[in-house]
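See structure below.
The values are calculated or read from the model by the stated rules, or taken from the named source; none is laboratory data. Just so it is clear, the structure is predicted and the values come from calculations on it, not from any experiment. Heads up, the Cβs are rebuilt from the backbone with ideal geometry, glycines too, and the neighbour counts pull from every protein chain shown.
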Amino acid sequence: MKSKFIINELWVLSVAGALQRANIYKPSISENTKREFKKDLKNYLEQLVNDQYFKEVNENTHLANIHALSAYTTKFSSLLKNGKINFGVSQKILNLFLKYIWCLKLIPTPPHFPVDRMVQIELNKKAVANGLQSRKIKSWTKFKNELDYLEIIKFAKALQIKDENYSNLSLAEMELSLFNRR
């Protein structure tokens with residue numbers, strides 16, 4: 001009962017973090033319809049996590065899972081502006097949910113971290129401090145595919161090589177050290 005409550009709360013945080021600025025719904029979609037969409041999406045995501053993330057998942061499988069999540073939402077094309085949620089919003093929902101349940105030690109370390117504006121800003125700060133060139137911030141809500149996302153992941157990996165504070169950390173651990181609500 002307690003774990004179900006916590007997982008539900010983490011889901012609420014994940015959806016809020018991924019959807020609050022993404023503007024995914026067509027005009028005039030009722031709150032009840034949005035709730036039903038989120039409930040179905042939660043069931044899909046929980047099944048995905050149960051099927052795959054209780055063991056270590058490699059980067060290629062993780063990318064395929066983000067694509068699959070996006071593709072799954074086409075079943076709700078009648079309420080979604082672009083007929084589905086895009087790659088950027090899909091990665092944010094999945095990666096944020098994984099981050100939360102990983103922090104509770106329910107799953108092994110996820111391969112990536114939630115890519116958003118704040119993590120890009122922090123990566124740029126650390127990169128410049130380590131003699132790397134900063135990169136242009138890209139709107140994660142507009143990622144149509146994995147290209148921009150993977151550029152950011154590659155940038156984080158380059159920072160890991162350059163900064164000994166991150167060299168022995170996973171990407172997920174590195175992001176935790178960068179991300180700090182103030």
- Message: Considering only residues that are under 16 Å from residue 90 (Cβ atoms), part of a helix (DSSP H, G or I) and touching a helix residue (DSSP H, G or I) at 6+ places or on another chain (Cβ under 6 Å), which ones fall in region 1-44?
- Response: 11, 14, 15, 17, 18, 37, 38, 42, 44
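Rundown of residues vs (1) closer than 21 Å to residue 23 by Cα; (2) out of contact with any Pro (no Cβ under 6 Å at 6 or more places or on another chain); (3) assigned by TED's automatic domain parsing to the domain that holds residue 26; (4) part of a strand (DSSP E or B), yes/no style:
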{"site": "88", "(1), (2), (3), (4)": "yes, yes, yes, no"}
{"site": "109", "(1), (2), (3), (4)": "no, yes, no, no"}
{"site": "149", "(1), (2), (3), (4)": "yes, yes, no, no"}
{"site": "166", "(1), (2), (3), (4)": "no, yes, no, no"}
- Message: One residue is enough: does region 60-76 have a residue meeting the conditions in contact with a Leu (Cβ under 9 Å, 6 or more places away or on another chain), closer than 25 Å to residue 38 by Cα, in contact (Cβ under 8 Å) with a residue 40 or more places away in the chain and not β-branched (Val, Ile, Thr)?
- Response: yes
- Those residues that are polar (S, T, N, Q), at pLDDT 95 or above and surrounded by fewer than 17 Cβ atoms within 10 Å (Cβ to Cβ), I need them from region 169-182; list them, please. none
- Query: Taking the stated definitions as given, is residue 99 assigned to a helix (DSSP H, G or I), among the basic types (Lys, Arg), within 23 Å of residue 152 (Cα to Cα) and not assigned by TED's automatic domain parsing to the domain that holds residue 172?
  - Reply: yes
